[in-house]
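The values are calculated or read from the model by the stated rules, or taken from the named source; none is laboratory data. Since the model is a prediction, treat every value here as computed from it, not as a measurement. Quick reminder, even Gly has a Cβ in these numbers, built from the backbone with ideal geometry, and neighbours come from all protein chains shown.
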Amino acid sequence: MKKLLALTLAALLMVSLFAGCGKAVDKNNNVVNGKFTEYLVAEKVGTVNRDNFITADGGLYYKGENNLWGVMSYNGAYDTGAIFAAVTPRGNYFEVTKVVAANENDIASLNASYLIDGKGKTIISGYATFSVLNDRYILVAKGNSRTVIKDEAVLSFTDTGLSCYGSSYDIWYNGNWYVFDIVTNKLVPGATGTKKTIISACGRYIQFTNEENKTIKINENGEALPDKAKLYEDGTYAIEGKTGEMYDADGKLMFNYDLTGFTPSGKSNGYFVASKYQDGSSKYVVMDNTGKIISSEFDEYITIYGELIHVDNKVYNLKGETVLKGNYESVYYDKIFGQNWMLRDDKYYTIIDKNGDVFFNGPGDNKKNYVFSGEFLASKKVEDETYYYSYKDKDYTIKGSHFAPWIVKTNNANSLYDLVDAMTGKKLLEGYKDYASISRRSLAYYVYAKYNGGADVYLVVSGKQLEDVINKKNSLFDELIAEFKKEGINATVNKETGEILLDSSVLFGGDSAELTASGKTFLNKFIKAYTTVAFSSKYEGFISKTMVEGHIAPIAGSTYASGLQLSEQRALNVKNYCLSAETGVDVSKMSKSLENVGYSNSKPVYKSNGEVDLAASRRVSFRFIVNVDF
């Protein structure tokens with residue numbers, strides 16, 4: 001899923017406010033390795049005006065006063081209203097229905113479910129149920145009768161047990177199952193059946209057992225892969241033989257491997273886990289995407305986390321060297337910082353970087369013996385699932401687990417709570433009665449800071465990540481300005497607001513919304529320059545939306561209502577012209593993301609002395625919104 005974030009200079013200021021730095025220490029409070037400079041930033045992105053919402057991967061859902069259900073987008077901006085008889089989260093989507101079966105034989109209502117996203121957009125409809133296989137494929141089922149006893153279910157999908165991720169799906173209907181492709185918006189040819197099957201999706205490929213219990217492997221066009229093809233989650237696949245071959249998701253040969261040596265047996269965090277049987281036992285190594293072995297040999301199956309290896313409750317680097325002494329039952333990899341969080345024996349937790357340098361370590365029996373950055377004390381987990389924290393000489397006791405990796409919930413006065421960056425001790429949010437969150441692939445978190453009657457929605461990201469986006473946005477602005485100058489275009493660029501201001505007098509005559517001939521000539525040059533830069537390969541996918549915004553000046557006697565129609569019509573006419581063939585410019589990349597809006601006189605332009613600049617306020621502006629793909 002994608003979150004649209006308009007980045008301004010205010011966000012840049014926020015970066016400096018939340019920048020943190022602390023010394024890395026071990027559990028005996030000894031400095032071990034340099035500095036820690038990562039930090040988190042909380043950016044408010046919306047409000048939810050409901051008390052009883054539930055978080056899910058695809059957004060929010062809730063039960064209304066009328067016992068019907070509704071769905072909301074991540075930031076609460078879109079709300080379907082309580083119109084559904086049932087809502088069930090399905091991956092990044094929601095399975096919904098508006099009807100209730102009149103009886104067991106009501107087949108029409110049985111197939112009345114449909115899948116929507118958090119903004120209410122219908123993905124596919126007219127089926128009995130759905131299950132999301134991966135980001136591309138959705139398993140759908142159409143029933144022709146309802147079964148009462150689970151054991152009688154014809155359509156039952158069980159864990160694959162294969163290298164690609166698979167889940168267990170129980171569908172209590174007689175009927176057909178199919179696989180829907182979100183990219184092509186069609187059912188995948190050949191991916192269908194009527195009986196119990198094992199099914200999984202691996203990148204752009206699907207594998208399942210057919211009616212004869214034979215494993216079938218096909219791509220999005222229904223074309224079969226060789227029987228010996230072994231699929232991996234990212235769409236790469238191996239074909240076994242005397243000399244094995246590894247292919248990428250497009251079917252291009254990546255490398256050959258000799259089956260008398262190490263054979264890829266799995267894939268983890270971008271690397272292949274390869275194995276061979278030798279002297280009565282198996283050996284395991286890490287293999288990169290060229291087929292090169294880049295690690296030492298291990299006697300047990302290995303799991304890769306960044307540049308670290310977890311095997312038999314121990315943590316090693318690629319050289320086979322022990323990173324930390326201890327027995328680590330679990331390792332968690334959090335991409336928001338690209339580092340690792342480890343839980344040791346349910347007594348200590350330790351945060352280390354990809355090189356194994358310790359940044360944070362839990363205390364012993366006395367939580368007071370460990371200080372981080374002079375302010376923040378680490379936590380200890382005890383048998384009753386309680387965590388202890390201290391922040392600025394103030395102790396807190398929290399029942400339960402961490403709020404999220406790298407974020408700690410701490411108690412505040414009046415039974416309210418703060419949100420603290422566990423790494424730097426910096427306070428992100430304060431004074432809310434509770435928090436909930438949705439992780440976006442460990443790259444960011446939507447945080448719902450709750451109060452009586454609703455919640456403020458924040459996007460919590462790595463400060464470094466935000467800096468990178470801001471720097472790229474500023475680079476885009478600079479290149480646009482240079483291209484405008486090259487084409488002789490007179491346009492004002494406001495880096496703070498993200499606006500590219502076009503003088504209305506150049507485009508329209510008087511109070512008209514009709515484009516003049518000179519206005520069309522100007523737009524021809526403008527669109528050429530804008531698309532040349534904004535939709536170049538360098539910024540591919542960076543702009544999620546381009547807004548065409550109409551404005552009028554707040555002259556005496558004008559009101560918002562009186563000027564709204566003119567501002568809207570001007571924006572619409574500019575948008576329509578930009579998408580027409582008259583420009584002579586290929587706008588196919590921009591067409592899906594170009595939107596228009598009118599603001600009447602609500603957003604005037606001011607002179608340096610604080611007075612309204614009437615001439616500059618009469619404008620049409622282009623404003624791009626940066627896409628941060630989480």
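Structure notes:
- Selection within the stretch 265-322 - aliphatic (A, V, I, L, M) and closer than 22 Å to ILE239 by Cβ: VAL273, ALA274, VAL285, VAL286, MET287, ILE293
- Residue tally, condition exposed (fewer than 14 other Cβ atoms within 10 Å of the Cβ) and either in contact with a Cys (Cβ under 9 Å, 6 or more places away or on another chain) or not acidic (Asp, Glu) (or both), over the stretch 590-630: 9
- In the stretch 88-125, the residues that are β-branched (Val, Ile, Thr) and either more than 17 Å from ALA141 (Cα to Cα) or exposed (fewer than 15 other Cβ atoms within 10 Å of the Cβ) (or both): VAL99, VAL100, THR122
- Test: residue in the stretch 576-591 that is within 20 Å of SER505 (Cβ to Cβ), under 36 Å from the mean Cα position of the chain (by Cα) and in contact (Cβ under 8 Å) with a residue 40 or more places away in the chain: yes
- VAL469 being hydrophobic (A, V, I, L, M, F, W, C) and either out of contact with any helix residue (DSSP H, G or I) (no Cβ under 7 Å at 6 or more places or on another chain) or closer than 30 Å to ASP421 by Cβ (or both): yes
- Among residues of the stretch 434-486, those that are more than 22 Å from ARG623 (Cβ to Cβ) and among the basic types (Lys, Arg), counted: 4
- Residues satisfying the stated conditions in the stretch 487-542, i.e. hydroxyl-bearing (Ser, Thr, Tyr), without any contact (Cβ under 8 Å) to a residue 24 or more places away in the chain and in a loop (DSSP other than H, G, I, E, B): SER512, THR516, SER536
- Test: residue in the stretch 135-144 that is outside the structural domain of ALA77 (by TED's automatic domain parsing), at pLDDT below 90 and either of a type in the set (Ser, Thr, Tyr) or more than 31 Å from the chain's Cα centre (by Cα) (or both): yes
- From the list ILE489, ILE481, ILE543, the lone residue that is surrounded by 15 or more Cβ atoms within 10 Å (Cβ to Cβ) and at pLDDT 90 or above is ILE481.
- Strands (runs of 3 or more DSSP E) fully within the stretch 205-305 counting 1 or more residues that are closer than 26 Å to GLY320 by Cβ and in contact with a Ser or Thr (Cβ under 9 Å, 6 or more places away or on another chain): 237-239, 243-247, 253-258, 263-268, 271-278, 281-287, 303-305
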